[in-house]
1. I need the full set of residues from segment 1-55 which are without any contact (Cβ under 8 Å) to a residue 40 or more places away in the chain, of a type in the set (Gly, Ala, Ser) and under 29 Å from Asp87 (Cβ atoms), in order please.
2. Counting just the residues of segment 36-52 that are of a type outside the set (A, V, I, L, M) and under 16 Å from Arg19 (Cβ atoms), which one comes out surrounded by the fewest Cβ atoms within 10 Å (Cβ to Cβ)?
3. Arg88 is checked against (1) of a type in the set (D, E, K, R); (2) in the same structural domain as Ala139 (by TED's automatic domain parsing); (3) surrounded by fewer than 12 Cβ atoms within 10 Å (Cβ to Cβ) and fails just one. What number does that condition carry?
4. Considering segment 1-40 alone, what residues qualify as being in a loop (DSSP other than H, G, I, E, B) and farther than 12 Å from Leu62 by Cβ?
5. Can Gly144 be described as at positive phi and at pLDDT 95 or above?
6. In segment 20-35, what residues are under 16 Å from the mean Cα position of the chain (by Cα) and surrounded by 15 or more Cβ atoms within 10 Å (Cβ to Cβ)?
7. Counting only residues that are in contact with a helix residue (DSSP H, G or I) (Cβ under 9 Å, 6 or more places away or on another chain) and hydroxyl-bearing (Ser, Thr, Tyr), which one in segment 101-157 is farthest from Asp11 (Cα to Cα)?
8. Here is a list: Leu112, Leu94. Which entry is surrounded by fewer than 19 Cβ atoms within 10 Å (Cβ to Cβ) and within 12 Å of the chain's Cα centre (by Cα)?
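The values are calculated or read from the model by the stated rules, or taken from the named source; none is laboratory data. Predicted, not measured: the structure shown is a model, and the values here were computed from it. Don't worry about glycine lacking a Cβ; one is built from the backbone with ideal geometry, like all the others, and counts go over all protein chains shown.
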Amino acid sequence: MQQITPCLWYDDQAEEAVRYYTSVFPDSRITDVTHYTEAGPGTPGEVLTVAFELDGRPFVALNGGPVFPFTEAVSLQVRCDDQAEVDRLWAALLEGGGQESRCGWLKDRWGLSWQVTPRVLIDLVSDPDRDKAARVTRAMLTMGKIDVRRLLDAAEG
């Protein structure tokens, strides 16, 4: 059966980034590391790819050089169970020079975009009560890191 595996392109920090990500997310591990050969285009012996799992899902990180930087057009969404998990992941992903954005989005120190999203946000903006969903959406649009209490307060009206 086919498997789709996202490949994340780094300049030369793939192994560093993957080691960090696998330390932040449970059920995560490095599964393989390959190196450039004499055929290039990188320096023989340097890391070419790092295969890994985040929360049991497969990814590959590639040291491809500075040609293609990350953009916000692609992000990784992390669904969190509660505010404590949002707070922990938000701080961890910003560590070392990340940048906060709006509506639960941030960039980590390598420029990869993440959405740190509490599950309750998805539930509330999908609520059949469209007025409630609109109040929650308006509240979310004012936030950087998502504040679950503020979402619940907005839902109440």
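1. Within segment 1-55, Ser23, Ser28 meet the criteria.
2. Taking segment 36-52 first, the residues of a type outside the set (A, V, I, L, M) are 36-38, 40-46, 49, 52.
Still in the list and also under 16 Å from Arg19 (Cβ atoms): 46, 49, 52.
Working: Glu46: 11, Thr49: 19, Phe52: 24.
Applying the filter and picking the extreme gives Glu46.
3. Result: Arg88 fails condition (3) only.
4. Step one: filter segment 1-40 for residues in a loop (DSSP other than H, G, I, E, B), giving 1-6, 11-13, 25-28, 36-40.
Listed by number, the residues that qualify are Met1, Gln2, Gln3, Ile4, Phe25, Pro26, Asp27, Ser28, Thr37, Glu38, Ala39, Gly40.
5. Details: at positive phi: no; at pLDDT 95 or above: yes.
No, not satisfied.
6. Tyr20, Tyr21, Thr22, Val24, Phe25, Ser28, listed by residue number.
7. Ser126
8. Working: Leu112 fails: surrounded by fewer than 19 Cβ atoms within 10 Å (Cβ to Cβ).
After ruling out the rest, the residue left standing is Leu94.
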